[in-house]
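Data block below; observations after.
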Amino acid sequence: MNKKLILRMLGSILLVEAVCMLPSLILAIAHGEHSWFALLVSMLACAACALPMRFLVKPQSANLRAREGFLVVTLAWLLMSFFGALPFMISGFIPNFFDAFFEAVSGFTTTGATTLTAGQFNSETVHGMDYGIGFWRAFTHWIGGMGVLVLTLALLPRFTGRSAHLVRAESPGPSLSKIAPKMTDSAKILYIIYGVLTLLEFVALMLCGLEPYDAALHAVSNAGTGGFSNRANSIAYYNNPAAEIVITVFMVLFSTNLALYFALVTGRWRDVVRNEELKWFLFMYFGSALVIAGIVLAPVYSGNAGDALRHACFNVATVMSTTGFTIDSFTDPNYWPIAAHGIILCLMFCGACVGSTAGGIKTMRVALMLKQSKREIGRTFNPRRVQRVRFEGRGIDEGMLHQVAVFCFVYVGLVLVGAMLISFDGKFDLISNFTASLTCVSNIGPCFGAGASGFSEFGSFSKVVMSILMLAGRLELFPILAFFHRDAWRRA
């Protein structure tokens, strides 16, 4: 195992994290908040660990094998989460280590689940928390949305010669080789697209009447499809239909493969129009929104079709994009009918498009599983018929279909195992434990039952389990699971 190369790469990643704390530090200093000290200490601690690994460790070889790539990815996310939790703990904002680590993991994995309760926020004032800590909490979504390795590759292009291997292991980022010949150029292009979309949402929210800080915080949170807000009741605090529509539109935009925006910019609009995954996603999104709007129209919104459609579109987008913003208590069984909850529960598995910042199983895998199921049903009547599953106009290799089936099986299995482990706390009912596990694996945030109002009441053991589930979901399962496999630590 090339330990020196692993240390050098981890040093590069931590160095990027230290730099990412700078905007939050500047905000805290500018507003005279005591949290500037916590951010400065965290930044220095991160840099103190990063600099020796980055500049003093001299690996003899740049050869990176598969298992080392998985270790780098997993260790990078664990270390990022550990140092990301330091500002919460040192400032006293979240003094408990398990809560702070859970919050940081939730931020970087763009889950948006929180251990903070409504009493820790003041939603009646303009700023419910410190500028610096609040922005760092939301900015972790923006960092983790595209992936820490893609960000590191964009800022430090020479940090490894096997960057493509690492980025694919990190997932769910797009296939960078399809954008530009060099991985560094691809990473920069993606971050330009990512940044431009974030800036556009910031401007749009400003035009809707949000203050600059609130607009920036929610823009970076939405870009990473995370959902952290500085308000106890999230977007509902503003009671601003225009802002809700803007956020809904950008949740859908960030649910789309970012490579498609590059195709639009370069004039290949036919690639976007013909993209089969995008068609599946839009069909599922608008179909679900219309059905839910019909279900909740009379009992919840008193026949007001505009409100019913707006709330349905927002809440379906927040679940499918795995963002987690809320404008009403749609997970409350006394608010929305159970039929609407059933649709939402199914959507919690699906997620958005491959190559987006969203979590979940992903629309392409769902579509392939449906097509494969249809083919197998057809074989019942025509067992000798040879028929290939086609996607994007191409026949899909049987090996790929096998991988998709295995992924979906492991995904559902992980949700069930997580629910079982969480149930050992013995505090909550089965629905609460199951949806808490599902929302962590799918990186969504909101759930049904006890976790609908936050995860503060779950025990430390459950928070550790849910942190692992969030990391597993964000890294597409196998890198984090491989970390616990004995072969990952054996000598070659």
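The values are calculated or read from the model by the stated rules, or taken from the named source; none is laboratory data. Being a predicted model, the structure only gives us computed values, none of them experimental. Cβ placement follows ideal geometry from the backbone for every residue including glycine, while neighbour counts extend to all protein chains displayed.
Scanning region 376-401 for residues that are assigned to a helix (DSSP H, G or I) and of a type in the set (D, E, K, R), we see that the one that is farthest from VAL366 (Cα to Cα) is ARG379. Taking region 194-250 as the range and being assigned to a loop (DSSP other than H, G, I, E, B) and touching a residue at least 60 places away in the same chain (Cβ under 8 Å) as the test, the residues that pass are GLU211, GLY224, THR225, GLY226, GLY227, PHE228, SER229, ASN230, ARG231, ALA232, ASN233.
If only residues of region 317-345 that are part of a helix (DSSP H, G or I) and not aliphatic (A, V, I, L, M) are counted, the one that is nearest to GLY144 (Cα to Cα) is THR318. No other residue among VAL291, VAL300, VAL296, VAL273 is modelled with pLDDT of 95 or more and over 23 Å from the mean Cα position of the chain (by Cα) apart from VAL291. Residues of region 244-259 include at least one that is acidic (Asp, Glu) and farther than 28 Å from LEU368 by Cβ. Restricting SER453, SER462 to those that are modelled with pLDDT under 80, among the hydroxyl-bearing types (Ser, Thr, Tyr) and either closer than 29 Å to LYS427 by Cα or surrounded by fewer than 21 Cβ atoms within 10 Å (Cβ to Cβ) (or both) reduces the list to SER453. Take the residues of region 352-398 that are out of contact with any helix residue (DSSP H, G or I) (no Cβ under 7 Å at 6 or more places or on another chain) and closer than 30 Å to TYR194 by Cα: which is modelled with the highest pLDDT? Per the criteria, the residue is LYS362. Could you please let me know if VAL57 is of a type in the set (A, V, I, L, M) and either part of a helix (DSSP H, G or I) or at pLDDT 90 or above (or both)? So VAL57 fails the test.
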